[in-house]
Structure formats: C-alpha cells, structure tokens
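A short write-up of the structure that comes next.
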Amino acid sequence: MNSIRQVPTRVKSRRTEANLGAEREHFDKQQLSSISKAINSTETPVKEKHARRIILGTHREKGAYTFWSYALGFPLHSSSILCWKFCNVLHKVLRDGHRNVLQDCMRHHSSLVEIGKLWGNLHDKYGQLVSLYSKLLCTKMEFHTKHSEIPPNLEVADEVLERTAGTDINNVFQLTVEVFDYLDSELRLAETVIRQLNTSIAISTLTSGQCRLAPLIQVIQDCSHLYHFTVKLLFKLHACLPADTLQGHRDRFHDQFHSLKTFFNKARDMMFFKRLIQIPKLPDSPPNFLHAASLAKHVKPVVVIPDEDEPEQQDDDDDEPEPLIEVSEVSTSSVQAQPQQLDVFDQMFGPPNGGFDDRDLQIESLKRDLELLRAELERVKTEAQRYITQLKSQINSLEAELEEQRAQKQRALVENEQLRMELEATRRRNAEHESVQTTFIEAEKRSQATEQRYNKLKEKHTELVASHAELLRKSADTVKMLSVTQQTQEEVERTKQQLSFEIDRIKQEADMKLEEQKFEMEKLRRELEEKMAEVTRIKGSLQSSEKVSEQVNSSMTALQAEKERLMRSVSEKEAELSSLRQAQQAQQSSLQQERERSGRELGELQGKLQEKSSQEEKLKQKLLEEQFALLQGTVAEAENIIQDAVAKLDDPLHVRCTSSPDYLISRAEATLGSVDKVKKGHADYLSNMGDAGGLLRALTQFSHLAADTIINGSATAHMAPTDHADRLTENCRGCATESLQFFKDLKSKTTLQRADPASIRIVIQKILNLGQELRPKSMDVRQDELGDLVDKEMAATSAAIEEAVRRIDEMMNQARKDTTGIKLEVNERILFSCTDLMKAIRMLIIASTDLQKEIVEGGRGAATIKEFYARNSRWTEGLISAAKAVGWGATEMVESADKVVLHTGKYEELIVCSHEIAASTAQLVAASKVKADRNSTRLTTLQQASRHVNQMAANVVASTRTGQEHLEEKDTMDFSGMSLIKLRKEEMESQVKVLELESHLENERLRLGELRKKHYELAGVPLEQEGNGTSSPAHPGTMSPKPSKPALMKKPALAQKPNIPSKSMFK
C-alpha cells in the first residue's frame, strides 16, 4: 500500500526536477537530431517533418542561432549532395522561420558566397546546382534585408508593395530591376535542375530525382509572388514614364514570362509535384503594359499546398513528436510500477481484503475515465481539424471571390478613367471650337478692313475722275501742253481701268472668303452639335458606371458580412477547443491582462504621437504650399515678361529700334550668369522645398535679363546682315520658347523635378556667339593717332560737303545754258533739292562737331583729348566710320546728279545715293549719341538736324521721281488694227519679257545679298589695305567743269547695316 501511495509522488518529483537546463538540453538534442537527419549525404529529399521541427525551433528560440551552430559543423566543402540539402533546408528556414532568422543568416552571407564559388569551379552536377542555389539564397537575403517590409515568404498585400515602392519613380524603377534579378536567379536554378533531369536517368519517382526536385517547391512559391510583383511594378512604371524608356523592361519581362510558363508546365506534368503542390496556370500571353486597362485582367497566381491528413510514419524511436501535455508518461510509469509493487506485497503478506482494495477499484475507474477522455479528445481533435479544413477551403474560395470582385472594381475604375479621359478630350474639342469661332470673328474683321480699303479706293477713283476733268479743261486753254495732257489722260484711263479691275477682284475675293467662312461656320455648328450629343452620351455612361460601382460596393459589403459570419463561426469552434485547455489558460490570463494593459497604454501614446506628427505634417504641408504658391506667382510674372519681350519682336514700331553687338554681348553674358543662379536655386529648392527664396530671386533676375537679351537681340538684328539677322531673330525666339517651357515645368509639381535650364543656356550661348561675330573689326590704327584721325575725318567731310555744294552750283549754271523747257525745269528742281540736302548735311556736321567737343570736354577729366579718344577707341572708330560714310555719300550724290543732268546716268542712282546719305547720317547721330548726355541741348540740335537731313533726302527722291515721270516718253497703246493671232503673239512676247525681267530682278537681289555679306566681312579693314595701294580710276570728262575732289572716293567700311530699300519696294 505504501508503494502504491508513493507512485504519484515519485512522478511529481520527477517533473519538478526538469529545470531550464534540461529543457534546453532536450531542445538542442532534438534540433541536432532533426538537422542531422535533414542534412546528410544520402541522395534523398529532405523529409518534411525534420524541416518542420527545425522551423519550429527557430520560432521557439526566436532566431536561427542553434541551426547555424550545428550547420557550420557539416563538411559542406566535401559533399555536393550534403551542401545541396543544406541549401534546401536554409531556403525553408528563410521562408517559414522566425523573422529574426534573416538577420542571423546575413551574418554568414560571406560563407555562403564562398561555398557557391567553390562548387561553381568544380565539374560536378550537384556542384553546379549548389552554385546557383547559393547565389539565389544570397540574392534573397540581400533583397529582403534592403526591403524589410517584404518578408522572405513574399506573402504581402498590394498595399505593402505600393508603400515599399513609394512615390519616387526612381525608387520604383530600381525596385523593378531588383525583382527582375531575384526572379532570374530563381528561374536559372529551376531550368538547370529540369535540364539535368532530362539528360540523366533519374526521374521524379526515384529518390535521386526527388532529391533534385524537392527545392523547386519553394522556387515555385517564390516565383508566383515575384511574377505578381513584376506585373504591378511595370504597370506603375508605364503610368509615369514613356513607353520607349521601358522597352528594355518589357523585353526582359517577356523572356521571364515565357521561361516561367515553360517551367510551370513541365513541373505540372511531373508526378512528384502533383501530390505536394498545386501549381497555378499563367495566361497564354503576357499582359499588355501599354494599355492601362489590362491591369484589371491580371489575376494573381496562387500556389496551394494541400494539408497532410494522414499521420507521419515513425521511422525511429526518437522521431516521436514532443507532447504538449505529459499525461501519458505519468500514466504509463504508474501502470508499469503498480504490478511490480503488488507482486512483492502479495508475496510477503498476501492480497488484502480477499485480493481487492478500494484504491484498486479507483485506479481502474480512473483508467477507464482516462481512456474515455483520451478517445473523446482524439475525436474532438479530429472534428476540429475537419472543421478547420472546411473553413480554410471556404476562406480560400471567399478570398478568390474577393479577388475577383477587386478585379471587377479595378476594371470599373479603369472604365471610369477612360470615360473621364474622353470627357477631357471633348472639353478640349469644345475649346478648339471656341478658338475656331475666334478665328471666324477675326475673318469678319478682316473682311470689314477689306471693305474699308474698297471705300478708300472708290474715293481715290472719284478724285482721279475730278482731276481728269480738270486736266481736260486745262487742255482747251493750253495748246503747248496738249501732248502732256493727252499722256496724262491716257495714264488716268489706265489707272482707272486698273483700279476698277482691282476693285472687282477685291469684291470677288471678299465674296469667296465670305462664302468660305459661312461654310466653315455651318461645319463647326454641326460638329458642335455632335460633340454635345457625345457629351450627353458620355454623361449617361458615367452615371451607369457609377451605378455599377455602387453595386460592386454592395456586393463587397455582403461578402464582408459573410466573411465576418464565418469568422464568428470559426471563433465559436475555437472557443469549444479552448475549453479543453482551460488549465493552461488560467495560468496565462494574468500575463495576458498585463499585456493588454501595456498595449492600451502603448496605443494611447502612439495615438498622441501620431496626432502630434500629423499636426507637424500639416504645418509642413502648409509651408510647402505657400512656398509653391509664391513660386507660381513668380513664374507667372516671369512668363508675362518673356511674352511681352517676344511680342515686341513682331511689333512694327520695334523695327526702327537698333542696338550694338557690344551691348548685346554684355546682356547675354549677364543672362548666362543668371541661368547658373537659377539652376543653383532650383537645386536648393528641390533639396529643401520649405525655402524658395533663392529660386524666386534668381527667376526674377533671369526673366528681366532674358527679356532684355531678346529685345536687344532683335534690335541688333535690324542692323545686321540678312543671314545673321535671321539666325539672331530665330535664336531670340528659341530663347523665349525654351524659357517659357522651363517656366511651364516649374509650374507643375509633376514636372518640377526634371525642369532644367540647360537648353536656355545653349540658346543664349548661340546669341552671344552671334553678337561676337557681328562685333566690328578694329581698324589697324594706333591709338595715339585716333584723336588726330577724328579731326581729320570731320574736316574732310566738311570739305567734301563744301565741294559738293560748289559743284552743284556749277552744274546749275551749265544746265541753264545747255537746256530749256521741261528739261531745264526738271534739272533745276533736282539740283535745288540736292543743294538743300547738302546744306542740311553741313548743319548736321556742325552740330555733330559741337556735340563731340562737349562729350570730350565732359568726359576726359584731367586727360588730354588724344588720351580720351584712345581710351574710348571703339567709339572713336565708329565716329570715324560714320564721318567717312557721310563724305563718301555726298561725293557720290554729286557724281550721280551730274550724270543725270547730262543724261548719262540713271535716276535710280540718285535715289539710292539719297538713301545711303540718310543711313550714313543716322550712323553719325548714333555714334555721337552713345556718350552724350540725354539732357544736352546740343544733342537735341543734332537730332533736329538729322530729321531735317531725312526730309531733304526724301525731297531729293520725290523730285527725282517726278522729273523721271515727266521726261520719260510713253508710247500710246493702239491695238485696234491687230488681228486675234497678232494679239495672241504680242501677248506671248510680253509674257516672255515679264519673265525675263523677273528673273533678272531675282538675280540682282541675290547679288545684293552677297554684296552685303562681303561688306560685313570686310568691315573694319582699312581702305588702304583693301585697295592694295592702287589709285582710283580717272573719271571721264564731262561738259561741266570738275575740279579736284577730296580723297573720299570709296565707300568706307560701315559698322552698321545701311538703310537700303527692302525687296518689297521693288515688287
């Protein structure tokens, strides 16, 4: 009896002696046994129960320290099969082990790399697989260490992937490349394994083939998630970047897609995988990333691992799993000890109470109760496992339905986006329609202007009729002027016919334009009605899509309610199971309450922290918005400044404005400096968007300097050769275009990052180079001679003017002797106008000399006059060039007037000389005005003299043209005696002559352009060098006496473009 009573006491004492050291020893022994049986040199696959125990061990110790302490003792460098199975177990531990396993494995990253390099250099089939597997594991550890939000089993929601990718497109691009590399390493391992199986005798039903195929289960699980990640990231990249940029990504994805699909198809046909894993099917063709709606068609591939319902086979005695409650040990030991104690007691004293005792009955009843409870527990476990399996299957089906509903919702969102885009396109078309209406209004204005021109022509016609009548009355009184009157009458008739023909033509053009405008209005009105109908249809489709989305939301709500109901049923079943574990839960309740209290306190603290963080974020966001609003205002003002400068390029009033290349160069250099400041301010603002002060100051300075450069570039182009003027104007417009594009990029947050003023710098550099090309070449004159040369040139110019006046007087006296009548009247009028022009030029020279003296006295200070001219050599050279040009123009005008009076020259020469003199005097005024005081009275006198010279030059042109019209004989056109054939022949001959004259005119224009180019190439070269020491040719003798002329017979090199009539004057 005493021994029976001592049985439970011994069992209890044995359990109390199991301390923490014994439990640790038992854990280490179990882990060592599992690791040794899982990782060995036998060519068999790793058993799932050994791998599961290793994984449970990582969760128990919250890391992989024990695993690595035993694994490093294996001869991994000597056996390729053992190393292969080690990589398989490590892959399982990384996927399903504790989250701290990744950190412990990274400590042995270098060892794993060395193992892969070792086996990669050896010619062994398993060695090649080990090399690829080690690279895969290293890639996996590096990827998940860098992106800690994604666990090693890759099972994350799409929201976590979006949060990991972030909003920076560079991070998304880099993450996509890393996922590509991850998937490549997985596929290389799978392809190598399948290729070795195809070339070897082993198949999937043999242990040698299964040893190679076993790690592919984890590869299939990884590949399904990586494929889904790749699709999501590529769709996001295509939404932000152009398709051409991502062509390499698409090609790489297509290769991976076909490789993965081939791998899945081959694995699905193998018997080894059919009972272990359910491999998903990929679509027939890869997704179309160029079409955003294809994202809704994408279905995430799901890999299913079937549950193992049958119990594991017990190979060895120590493979038995560790029991959760040590009940069988106590009962078994007590049952084994009882017969031994009873036998000793019965031998010594005999059985008490006739062989039976009450305690024996109690023991028997407790045994029966224990067996019943054990059977009941097994039944409850079986039932609970069945319920859990059913609930898991229902959850999987509901998750599949939920994924399908999400896909439908995504498709609906895509359709809404498409409809929204169509609505935006319709709005743009409406805006285009409004612009067309504006064009129509402008056309009406042009038609009104045409009508006004027609009225003016009608009034002119009336005036001509009145003048014709007056001429008829004068013809009856004067017989001598009969021929002139007849010619005038015929000219008036022709003008009348031409005006009537022009009026009819203008009327026809106006009617045709009016009809075209009416037809265009009708067409636009019909298009507007069609667009309004299309807008109505789009609104209806939007309403229907909103209804569909509401239905989808309602179905989602119903599914969510069903899911909650199922979760409640699962919780009820778990409550039934928890009733069997009330003893353990009673001990843990106090600890759980403490954890909940700590969790509540932590939640409150986190809530306060989040509230404070949200307030700080709001303040930061407000500051960023204010800074961005300031930037928007500054950019808008800068755009207005640039647009105003561009508008002046086409302003007719701006055509008369001129500028020097030196000033343009100074403005362009200042603008280049401001571009650097803008670039630095932009970089500073991107690094700290809370402070936009530097960028605002730089933009303000840049806008003013750029506008100044554009305006001065256009003004410089007005005085430059044709080729340089066109290029300079084009570059000014390009500067404005690039500046406006840069401002446009700054106005949007999406394009703010890529805004770059480099293109503006390139255009401004081109303007600077053109300005340097247009800068006049310096004359080869010593600086100490510049002062004397200015005085000499001004004196020579005055002498040339005096000589010209004297020669005109002589020509006047000679003409009065030799000619009479109309010719004498014409010659006197021309010579009088030339005399007035020379007097005006002489007054201009006097005013320029006075202003020059004032400039020298006011600016030289303590220096001498020669030192002042030497210090301002460029201004002095311009003044010398202008004085030479005036003297040369006066001399040439005298020569042309002499030829006209003697009927050996052309009237056009005299007109061109007048234009040349006007341009030369304008150059002299500009050269004098550069350093003059704006409030100087002598400057005002010089400007008035310049205007008087222009008026006198215009009088010369007018008197020359009037005299030409009077003296030229006009043949009367009488076609009354010609036949039809004769008229046709004359018409053809006239057309041929017109074409010849037009061709000759075009050639002369080209020649004029080349002469101007050559003129500017030689600008600044001294006339003595240009002539190479040759004397000017002798002039032929004329009827009028010609005394010796000053040495100003050649046209000097001008630093500015002469005012020569444009091509439109000859048309």
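The values are calculated or read from the model by the stated rules, or taken from the named source; none is laboratory data. No experiment lies behind these values; they were computed from the predicted model shown. Every residue, glycine as well, gets a Cβ built from its backbone with ideal geometry; the counts of neighbours run over all protein chains shown. Side chains are part of the model used for accessible areas, which takes the heavy atoms of the whole protein and leaves out ligands, DNA and RNA. Shrake-Rupley method; radii C 1.70, N 1.55, O 1.52, S 1.80 Å.
Within straight cross-link reach of residue 563, meaning Cα distance under 17 Å, which lysines are found once same-chain residues fewer than 8 apart are removed?
Hits, sequence-local ones excluded: 392, 573.
Rank 104, 726 by accessible area, highest first, at a 1.4 Å probe radius?
Values: 104 25, 726 95 Å².
Descending order: 726, 104.
Can you list the HN-Hα couplings for segment 258-274, worked out from phi with the Karplus curve (6.51, -1.76, 1.60; θ = phi - 60°), rounded to whole Hz and with x for Gly and Pro?
5, 5, 5, 5, 5, 5, 5, 5, 5, 5, 5, 7, 8, 5, 4, 8, 5
If r is the Cβ-Cβ distance from residue 507 to residue 404 and R0 is 60 Å, what FRET efficiency results, to the nearest 0.05?
Computed FRET efficiency for residue 507 and residue 404 comes out at 0.25.
Find, among the trypsin sites (Lys or Arg not before Pro) in segment 40-94, those assigned to loop by DSSP (not H, G, I, E, B) with at most 14 other beta-carbon atoms within 10 angstrom.
Filter output for segment 40-94: 62.
Among the lysines, select those whose C-alpha is under 17 Å from the C-alpha of residue 135, and discard any that sit fewer than 8 residues away in the same chain.
Hits, sequence-local ones excluded: 85, 92, 117, 125, 146.
Suppose the chain between residue 686 and residue 990 were pulled fully straight at 0.36 nm per residue; how much longer would it get relative to their current alpha carbon spacing? Don't jump to the answer; show the numbers that get you there.
Values: separation 304, 0.36 × 304 = 109.44 nm, distance 7.22 nm.
The span from residue 686 to residue 990 would gain 102.2 nm if fully extended.
Find the accessible area per residue for segment 360-466; the probe is 1.4 Å, ligands and nucleic acids are left out, and the unit is Å².
75 Å²
Run the quick spin-label model on residue 62 and residue 518: label points 7 Å from Cα toward the beta carbon, then report their separation in nm to one decimal.
About 9.2 nm, to one decimal.
Sorted by accessible area with a 1.4 angstrom probe, largest first, how do 131, 447 fall?
Sorted descending by solvent-accessible area, the residues read 447, 131.
Tell me, what HN-Hα J-couplings in whole Hz come from the Karplus equation 6.51 cos²θ - 1.76 cosθ + 1.60 at θ = phi - 60° for each residue of segment 411-423, using x for Gly and Pro?
5, 5, 5, 5, 5, 4, 5, 5, 5, 5, 5, 4, 5
For segment 147-297, just say rounded, prolate or oblate: build the C-alpha gyration tensor, square-root its eigenvalues into a ≥ b ≥ c, call rounded for a/c under 1.5, and beyond that prolate if a/b exceeds b/c, oblate if not. Please list the in-between numbers first.
Values: a/c = 2.36, a/b = 1.95, b/c = 1.21.
In terms of gyration-tensor shape, prolate.
Under 18 Å between alpha carbons, and skipping anything fewer than 8 positions from residue 513 in its own chain: which lysines qualify?
Output for residue 513: 445, 523.
If R0 is 41 Å, what FRET efficiency do you get for residue 943 and residue 899 from their C-beta distance, rounded to 0.05?
That gives a FRET efficiency of 0.80.
Can you pull the percent of segment 715-767's accessible area that's carbon plus sulfur, 1.4 Å probe, other chains left in place?
Working: 1260 of 2470 Å².
On segment 715-767, the fraction of accessible area on carbon and sulfur atoms equals 51 percent.
In nm, to one decimal, how far is the modelled label at residue 100 from the one at residue 28, with both set 7 Å along Cα→Cβ?
Result for the modelled spin labels: 1.8 nm.
Quick one: which of 29/274; 792/931; 140/232; 460/507; 37/300; 899/993 span more than 26 angstrom between C-alpha atoms?
From 29/274; 792/931; 140/232; 460/507; 37/300; 899/993, over 26 Å: 29/274; 37/300; 899/993.
Over segment 139-278, what percent of the accessible surface lies on carbon and sulfur atoms, probe 1.4 Å?
The computed percentage sits at 52.
For segment 116-268, what is the charge dipole size about the Cα centre, in debye to the nearest 20, if Lys and Arg each add +1 at the Cβ and Asp and Glu each add -1 at the Cβ?
About 620 debye.
Using 1/(1 + (r/R0)^6) with R0 = 30 angstrom and r between the beta carbons of residue 626 and residue 427, what's the FRET efficiency to the nearest 0.05?
My answer for the efficiency is 0.50.
Which one of 728, 702, 682 is farthest out on the positive end of the charge dipole of segment 660-747, using unit charges on Cβ (Lys, Arg +1; Asp, Glu -1) and the Cα centre as origin?
Positive-end residue among those listed: 682.
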